[in-house]
1. I'd like to check something: does region B:178-188 contain any residue that is within 16 Å of B:A254 (Cα to Cα), assigned by TED's automatic domain parsing to the domain that holds B:I223 and surrounded by 14 or more Cβ atoms within 10 Å (Cβ to Cβ)?
2. Looking at region A:536-557 only, could you name the residues that are more than 13 Å from chain B (Cβ to nearest Cβ), touching a residue at least 60 places away in the same chain (Cβ under 8 Å) and under 29 Å from the mean Cα position of the chain (by Cα)?
3. Pairs only if they're at least six apart or on different chains, beta carbon under 8 angstrom, first in region A:579-605 and touching a residue at least 60 places away in the same chain (Cβ under 8 Å) and closer than 18 Å to A:P634 by Cα, second surrounded by 13 or more Cβ atoms within 10 Å (Cβ to Cβ) and among the aliphatic types (A, V, I, L, M); list them, first residue then second.
4. From A:T90, A:T32, A:T40, grab the single residue that is outside the structural domain of A:G575 (by TED's automatic domain parsing), of a type in the set (S, T, N, Q), at pLDDT below 95 and in a loop (DSSP other than H, G, I, E, B).
5. Yes or no: region A:387-401 includes at least one residue that is farther than 27 Å from B:V50 by Cα and of a type outside the set (D, E, K, R).
6. Tell me which residues, restricted to region A:77-86, are assigned to a strand (DSSP E or B) and buried (at least 24 other Cβ atoms within 10 Å of the Cβ).
7. Restricting to region B:125-141, give me the number of residues that are facing chain A (nearest Cβ under 9 Å) and part of a loop (DSSP other than H, G, I, E, B).
8. For region A:560-593, enumerate the residues that are at the interface with chain B (Cβ under 10 Å from one of its Cβ atoms) and in a loop (DSSP other than H, G, I, E, B).
Amino acid sequence: MEKAVAAVKPSLVRIHVVTVEYEQGREIKRETIGSGVIITKQGHVITNHHVAGRAKQLLCTLANKEEIEGELVGTDPMTDISVIKLLPPTKRDFPAAEFGDSSKLKVGDHVLAMGSPLAFSQSVTMGVISNTELVMPEEWHETLEIDGEDVGSMVLWIGHDADIYGGNSGGPLVNLEGKIVGINEIRMGLGGAIPSNLARAVADQLIKNGKVRRAWIGLTVQPLLKSSKQKAGVLVGGVIAGSPGEKAGFKAGDIILKVAGKSVSVKYTEELPPFNQLVAGLPIGKEVEVLVLRDGKQIPIKVVPQEREDVEAKQQELKEWGLCASNVTFMKAKELGRTTRAGVLVRSLREGGPANDAKPALNEDDVIVEVDGKPVANLEDLVRLTETIVKGKTEPTPTLVVFERRSERLMTVVKVGIRELKDPGREVSKAWLPVGTQVLTQDLAKALGLEGKTGVRVTRLYPNFNTGLQVGDIIVALDGTEIPASQPEDIEVLPAMIRQYPIGGKPELTVIRDGKEMKLSVELAASPRPPREMKRYQDVNFDFTVRDVAFQDRIDHGWAETEQGVLVDSISEGGWASLGNLMTGDLIRMVDGQAITGVAEFQKIMESVTKRKQKSIVFAVKRGIQELFVELRPTWARLATPTTNKQKPKEEK
Amino acid sequence: MKKIKVSVFIIVFAIFAAVIPSARTDDLAQAGRDLAAKYGDAVVTLQLVVKTTMSMQGEPDEKQESKSEVTGAVVDPSGLTVASLAAIDPTEVMSGMMSGSFDMKVASEITDLKIRLADGTEIPAKVVLRDKDLDLAFIRPLKKPDKPLTAIDMSKSSKPNLLDFAIMMARLGTVANRSLAISADRIQSIVEKPRLFYVPGMGAMSSELGAPAFAMDGNVIGILLLRSLPGGPSMSGNWLGMSSMGILPMILPAADVLSAAKQAAEANDTAP
């Protein structure tokens, strides 16, 4: 076992992925951790599609804890396999693990699950093979669907009881000879790994072609019916209209006996994936003979498989429309009952965005077919038309849109363009007594020998305000009017009375200090501006926002006036700030050793960092009572053009 | 047989209950109808898109956008509209509810705002002034309206006594085609500290926040807003309901609204 671990551990990779998802009409970055294993000395890493398939950025940690950027080579949702390539600063060889033969696995064999469970560094667990042909039980009425693809239609999982958790995805299942026999993918009580023979074949194609090409004939197949007297064959449940299968003359009820001369049989669910793999491997565009049994007669059918298309098309956010959209795939067109694929499919909408605000509003699964009287054949058309519509406009442009909703052809007006309010409205400014107080409750008054008195007790003095008041003072009257506060709920009574005065007013307070009553004239200040009104800077490259420190922040955190900096107000997942572990609420005190006094100064520095495409930037931050350094390492190469403040988009991602 | 007797009793009681206050009810109904005719158009729907951002323990934000509609009252022909700050931007209430138990930061941002008039005209607008203390938000059209809008005269106000009627006008939601809804509630309580508020009956539900309240004489009493204790509501409430949770709809007197409206009218457009 030690040898097995030693053989594979150097090849293990912990993958920190910034992935992109499309939800609520927006492109949203997310961060996730998965596992992988190096399979070529050039640095190809096999992992799961659900780990890396939608990656925007990949950071790989090797077994020696070295961090290296990676790039996606290719991905295959149907088998949930992706291949990424390590991008070392200088070219070098990597320790590659070897594949074993998954078909030789037997129930009871010992295996090791390797990877990064729960995002830990490279770890190993051990178990035995529990099942060599694991499928989702029919009774579950569930399938593992990724990007619209039914993974179980192609994959017979290797079931094992080695502990795997979130983070193990994409990591290798290893036999005691130190060979990869599976790629861990799911946990359904037992762990489930994609057999290495299938994973390897897919990875080879991804490395060679960047994609997996599969043949498709458009038949829905299922195991033979239990009542069938037929001993072998595959039952055709349906034929998709417009598919090669329909053109070739297949019919529902046909029983397929041979495919390209090879006998086939599916009596049980477990036999479906191998059959699907066989069909997927047929030559694309070349005639193939399929022998079927129909009405007791064997009929040879010649079919020309075509390349299988993804069930779901890639999405794109169209900010000017407030939606995410994609082209219409063949299968989606069928699902929507359309005879054409022309148009753009609405996948999700932003609440209150232009498309959602139209009357009638666009909905998910609507297909935009015409904009401003011009036909829209695909996403490219819509993007081009949008550019024309918004060019030179400062306000959203009412645009006539024709769309299809199932069998209806509807028309609406969408105000295409970006308009987002950024001004939250100012908080009204009122007079304010700059001290903290507590209510002089009846019990407290009695205990202090002030029975019958009402008012408040001064509990703290705020810096920079010289009121003449002292902690412990009891304020009992304002300009001769008693302060009717005697219960904790009356905490607002004095502030409300104060707010009736003008800012700068000088009311006379009746104060009891050390048992003696005295009069004190106090100049009222303006209520401090709330945090939401502080000056802000949003850095769209690093994906975070800072603001000036508000009075309330100093009170909440106990920061003295000498404590300078900018406060991190928000951080977007997947951005460089987030990847560098900057946190909301951090006080950035210094940037690269230079003290920061406010947002204006910080903005200048960040713009300079962007202009110079600085490789790393170090913030000295205060987090709670701790002080620490946070290092951000931008990857400028991934940005076509770094966004300067002048180009700053109005919308956040 | 027994069942019939009970039914008869209920019918008799219902008739009795309906006849006794009929004269006053007619006055109330007429007052309500008159107010609807005079000020109905000044009661508008505010259509908002609010982006709420939540962050737990300093982690990256979770963002959510949502649309909502609330009632607003136009208080100036220029389109200056008053609404409940808690209704249009519930962050403060949410922050209060989530404070203490764990480190959660909740912030919200109004990303789109329109004043929807009774005739369906939508006027893009913005919040120009907030008063968290009074739960007031003032909204102003981005561009001057083509013609002056029907506005409630806040300078002529009435001060109700206990158990006087307060007639409130609000806009229903899309399910009712944003129709005007009028309700009448008696003033159950007059709160005098820390400042003057009128508490209508519990019929004034949160859906009416921002509704102008009028006296039987046709003059405005104030605006129905949400009063909350500093630091947000306490969740240790009991059966007494909202007031024990530290929140309660109350009518802010027109004079206070008017005073804040002056600042709103002067508020410049400079973003912070």
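The values are calculated or read from the model by the stated rules, or taken from the named source; none is laboratory data. No experiment lies behind these values; they were computed from the predicted model shown. Virtual Cβ from ideal backbone geometry, glycine too; neighbours counted across all protein chains shown.
1. We begin by selecting, within region B:178-188, every residue within 16 Å of B:A254 (Cα to Cα); these are B:187.
Within this subset, residues satisfying the condition of being assigned by TED's automatic domain parsing to the domain that holds B:I223 are B:187.
Then drop every residue that is not surrounded by 14 or more Cβ atoms within 10 Å (Cβ to Cβ), which leaves B:187.
Looking through region B:178-188, at least one residue is within 16 Å of B:A254 (Cα to Cα), assigned by TED's automatic domain parsing to the domain that holds B:I223 and surrounded by 14 or more Cβ atoms within 10 Å (Cβ to Cβ).
2. Hits for region A:536-557 are A:D539, A:V540, A:N541.
3. Qualifying pairs under 8 Å: A:L579/A:V18; A:L579/A:L59; A:L579/A:L632; A:F602/A:V546; A:F602/A:V566; A:F602/A:I588; A:F602/A:V591; A:F602/A:I596.
4. On the way: A:T32 fails: in a loop (DSSP other than H, G, I, E, B); A:T40 fails: at pLDDT below 95.
Only one candidate qualifies: A:T90.
5. yes
6. At the first step, the residues of region A:77-86 found to be assigned to a strand (DSSP E or B) are A:81-86.
Those that are assigned to a strand (DSSP E or B) and buried (at least 24 other Cβ atoms within 10 Å of the Cβ): A:I81, A:S82, A:V83, A:I84.
7. Number satisfying all stated conditions: 3.
8. A:S572, A:E573, A:G574, A:G575, A:N581, A:L582, A:M583, A:T584, A:G585, A:D586
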